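Asker: Following this message is one structure expressed as structure tokens.
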Amino acid sequence: MTIDRDLQWEAQRLLATEVAATGATDGSVVTMDVRTGQVLALATAPTFNPDDRAGVSVDAMGNKAISEAYEPGSVNKVITAAAALQAGVVTPGSVITVPPTYQVGAHTVHDAEQHGLEHLTFAGVLAKSSNIGTVQVAQRVGPQGIYDMLRAFGFGDYTGLGLPGESRGVIPTPDTWSGSSIATIPIGQGISANALQVASVYATVANGGVRVAPSIVRGTRDGTGRLTSAAAPAKRRVISADVAAQLRTMLEGVISDQGTAPLAAIPGYRVAGKTGTAQRVVMGRYDGSYPSSFVGFAPAKAPKVAIATLVVNDPVWKVKANVVAREVLQAYFALQGAPGVSAPSYE
């Protein structure tokens, strides 16, 4: 397998600790090599002992990082940004006038925090995670352009990992969009994806715009011990290298003290990423819980690894997701022997 057992152990430990501490229902961590698509860690919590399955529910046996689709919320804004930059309707420095609220049909768009009239660059819109600014830019792209980019990044399709029980998620086609869909889908509402799909989006941006299908099987051994490597994963260009570079710089702004995820910063390393909070849908209805996530990669200038953390049913988790992601990234760099990062303790 492609799993790094030390990184898997550390991701599992960190996630389980934080899920228990916050009282969240469950969580997932996905860590990928952005160049090869190999999954280095795939942790979920709570989990179970497969050698002792007495009393364990069928639901608990699933791997929610791939089996449970959720509304990604603001982590989806990187796809909207990619569509806008690729179409040339904005640049990172384009100034967007952001009013206190914004009307789209019968739907009123709000930002997470109340504010007066603001003038933000498009990079600032992403850093501050402005719903209003994102929707305004999405309108310039149009429904078909947004949909095509969602599909190009792999939403609505299987990742290629090959594990059983994977959900493809749901991406409505433009002909089914309502008058308010252009105000919800670009900010990650009204669609669904699993945590691995979201991690793959950010790995694609980190990899210069080329999507490498996720993989978890490194190869197979026959009875004599001879190793046969798995087939090379599928690759395809999703966005241009220039657009990917612009997005990487913009996503670094999210980690700054002016963005939404300063707690994901690692001293001495350039980290890029995005926070997201949405509402959980169960049987077609919002159940009152909040799936919150952080997805990012590092080092931002020459990315090696992408990580997605997700937890549901805990509205304060967004801060914790940042911290878990940071600690798993630190564990990765420490295990690689990188300077200035403390190695994890296995006591």
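The values are calculated or read from the model by the stated rules, or taken from the named source; none is laboratory data. Everything quoted here is computed from the prediction, not taken from an experiment. Quick reminder, even Gly has a Cβ in these numbers, built from the backbone with ideal geometry, and neighbours come from all protein chains shown. For the accessible areas, the whole protein counts, side chains as well, though only heavy atoms, and no ligand, DNA or RNA atoms are used. Shrake-Rupley method; radii C 1.70, N 1.55, O 1.52, S 1.80 Å.
Asker: I need every pair where a residue in the range 296-308 that is in contact (Cβ under 8 Å) with a residue 60 or more places away in the chain has its Cβ under 6 Å from the Cβ of a residue that is open to solvent by 10 Å² or more (accessible area, probe 1.4 Å) and of a type in the set (Ser, Thr, Tyr), sequence separation at least 6 or different chains.
Answerer: From residues that are in contact (Cβ under 8 Å) with a residue 60 or more places away in the chain, the pairs are 305/332.
Asker: Further question: With the structure loaded, tell me whether residue 151 is among the charged types (D, E, K, R), without any contact (Cβ under 8 Å) to a residue 40 or more places away in the chain, surrounded by fewer than 19 Cβ atoms within 10 Å (Cβ to Cβ) and farther than 25 Å from residue 329 by Cβ or whether it fails that test.
Answerer: Yes: the conditions hold for residue 151.
Asker: Please enumerate the residues belonging to the range 196-232 that are under 30 Å from residue 83 (Cα atoms) and at pLDDT below 95.
Answerer: 232
Asker: Looking at 141, 137 in this structure, which one is touching a Phe, Trp or Tyr at 6+ places or on another chain (Cβ under 8 Å), in contact (Cβ under 8 Å) with a residue 40 or more places away in the chain and under 30 Å from residue 37 (Cβ atoms)?
Answerer: It is 137.
Asker: Is there a residue being more than 17 Å from the chain's Cα centre (by Cα) and open to solvent by 30 Å² or more (accessible area, probe 1.4 Å) anywhere in the range 36-44?
Answerer: yes
Asker: For the range 233-248, state whether one or more residues are open to solvent by 10 Å² or more (accessible area, probe 1.4 Å), in contact with a Lys or Arg (Cβ under 6 Å, 6 or more places away or on another chain) and under 25 Å from residue 5 (Cα atoms).
Answerer: no
Asker: Just to verify a result, which residue in the range 154-166, among those that are in contact with a strand residue (DSSP E or B) (Cβ under 9 Å, 6 or more places away or on another chain) and modelled with pLDDT under 95, is least open to solvent (accessible area, probe 1.4 Å)?
Answerer: Residues of the range 154-166 that are in contact with a strand residue (DSSP E or B) (Cβ under 9 Å, 6 or more places away or on another chain), as a first pass: 154-156, 160-163.
From what's left, modelled with pLDDT under 95: 160-163.
On the way: 160: 55, 161: 17, 162: 70, 163: 58 Å².
Among those residues, the one meeting the criterion is 161.
A quick yes/no check of all residues on (1) of a type outside the set (S, T, N, Q); (2) within 24 Å of residue 162 (Cβ to Cβ); (3) without any contact (Cβ under 8 Å) to a residue 60 or more places away in the chain:
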| position | (1), (2), (3) |
| --- | --- |
| 1 | yes, yes, no |
| 37 | yes, yes, no |
| 45 | yes, yes, yes |
| 48 | yes, yes, yes |
| 60 | yes, yes, yes |
| 63 | no, yes, no |
| 68 | yes, yes, no |
| 81 | yes, no, no |
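Asker: Do any residues in the range 233-248 that are closer than 17 Å to residue 213 by Cα have Cβ atoms under 6 Å from those of residues that are crowded, with 21+ Cβ neighbours inside 10 Å and of a type in the set (A, V, I, L, M, F, W, C), where the two are at least six apart or on different chains, and which pairs are they?
Answerer: 233/212; 235/212; 238/153; 239/82
Asker: How about the range 1-18: which of its residues are crowded, with 24+ Cβ neighbours inside 10 Å and closer than 25 Å to residue 290 by Cβ?
Answerer: Once the filter is applied, which keeps residues that are crowded, with 24+ Cβ neighbours inside 10 Å and closer than 25 Å to residue 290 by Cβ, the range 1-18 yields 11, 14, 15.
Asker: When you scan the range 23-38, do you find a residue that is modelled with pLDDT of 85 or more, of a type in the set (D, E, K, R) and outside any loop (DSSP other than H, G, I, E, B), even just one?
Answerer: Applying the first criterion (modelled with pLDDT of 85 or more) to the range 23-38 yields 26-38.
If we keep only those that are of a type in the set (D, E, K, R) as well, we get 26, 33, 35.
Next, only the ones that are outside any loop (DSSP other than H, G, I, E, B) stay: 26, 33.
So far as the range 23-38 goes, yes, one or more of its residues are modelled with pLDDT of 85 or more, of a type in the set (D, E, K, R) and outside any loop (DSSP other than H, G, I, E, B).
Asker: Also, I was wondering about something else. Within the range 12-19, is even one residue touching a residue at least 12 places away in the same chain (Cβ under 8 Å), under 23 Å from residue 197 (Cβ atoms) and polar (S, T, N, Q)?
Answerer: The answer is yes, given that some residue of the range 12-19 is touching a residue at least 12 places away in the same chain (Cβ under 8 Å), under 23 Å from residue 197 (Cβ atoms) and polar (S, T, N, Q).
Let's see how each residue does on (1) under 19 Å from the mean Cα position of the chain (by Cα); (2) open to solvent by less than 50 Å² (accessible area, probe 1.4 Å):
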{"residue": "71", "(1), (2)": "yes, yes"}
{"residue": "86", "(1), (2)": "no, no"}
{"residue": "90", "(1), (2)": "no, yes"}
{"residue": "97", "(1), (2)": "no, no"}
{"residue": "101", "(1), (2)": "no, no"}
{"residue": "107", "(1), (2)": "no, no"}
{"residue": "111", "(1), (2)": "no, yes"}
{"residue": "114", "(1), (2)": "no, no"}
